[in-house]
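Below: one structure, written as structure tokens.
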Amino acid sequence: MSELGLVIAIALPISLILAGLVWLGRRQQNQQSQRLQARGIKQSAEDLLEALEFVIQMDNFREVQLLVLERVGQLYALYAQALPKAGSKQSEGLFDPEPYKQRIEEGKGNRRIFKSDRELRLARRYIGRILKTLTLMQKRRELSEAALLEYRRYLRLTLLEREVDTYTAQGDVAAGRGDVITATNYYKAAKKLLIEFDLQYPEKNERIRELSQRTAALYNGERINTSENLAAQLSKEFDAEHSPFGIPANPLEKRKF
């Protein structure tokens, strides 16, 4: 065998092996990229589903809830498409919208009072997440601008009412035990939310007036009229480990929805 033939005989298998290794490396790199992309989509779906769980228990606006549920389903479908073929079976049976549809149709969500400041923060986060999703859907022409404005207004007003009711209830509880300073601070916080809210609605001025009357009654030694008994709602006994929304009291415990 000539020297050239010998070189070819040795180099060709080595070249094939190197080419195979390069192809395999690129394939693994592409699969890893696909898995990372799929993981991000799945996380978005889980985050939005978590927000949906919260508002289902908080309120009964079925139109928005069903729309968000549809978006959750789309995200899980995108997750299945983004997975490498070898891992596509992982998405089978991952998400079933029917139990959520049933809960939405039952319409049992009616929570006016949040148990703690932590729940208030969660409510703001979840409502913000849903508003962001609706805005994205409108940009993709999956939702009309008029519908977006209507939904945004409703969700923002709903959150405001829950915040104001919670601070008012906390103020009533403090007033009931004779803590005038704490009660005043809660009433001021509720009043501040109303004053700084940039949307007008019929009850706004009346609610501000009621809070001013509560504050004045504190210093005049008058009995506060808690017509809707918000303080009683706040004082209800809940599970020591979980809030009414199923959120663990221990922040280190994984949330279960």
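Structure summary
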item: Check on residue 140, in contact (Cβ under 8 Å) with a residue 24 or more places away in the chain and open to solvent by 10 Å² or more (accessible area, probe 1.4 Å); result: no
item: Residue among 98, 63, 50 that is open to solvent by less than 70 Å² (accessible area, probe 1.4 Å), of a type in the set (D, E, K, R) and modelled with pLDDT of 90 or more; result: 50
item: Contacts under 8 angstrom Cβ, first residue in the stretch 160-179 being β-branched (Val, Ile, Thr), partner open to solvent by less than 10 Å² (accessible area, probe 1.4 Å) and assigned to a loop (DSSP other than H, G, I, E, B), 6 or more apart; result: 166/113; 166/114
item: Output for the stretch 165-206, where each listed residue is open to solvent by less than 70 Å² (accessible area, probe 1.4 Å), under 27 Å from the mean Cα position of the chain (by Cα) and over 20 Å from residue 117 (Cα atoms); result: 199, 201, 204
item: Filtered residue count, the stretch 180-218, keeping only those that are without any contact (Cβ under 8 Å) to a residue 12 or more places away in the chain and in a loop (DSSP other than H, G, I, E, B); result: 4
item: Residue among 121, 162, 125 that alone is within 22 Å of residue 59 (Cα to Cα) and surrounded by 16 or more Cβ atoms within 10 Å (Cβ to Cβ); result: 162
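The values are calculated or read from the model by the stated rules, or taken from the named source; none is laboratory data. A quick note: this is a predicted structure, and the numbers were derived from the prediction, not measured. Neighbour counts are summed over all protein chains in view; Cβ atoms, including those assigned to glycine, are modelled from backbone coordinates with ideal geometry. Note: areas computed on protein heavy atoms with side chains; ligands, DNA, RNA excluded. Shrake-Rupley method; radii C 1.70, N 1.55, O 1.52, S 1.80 Å.
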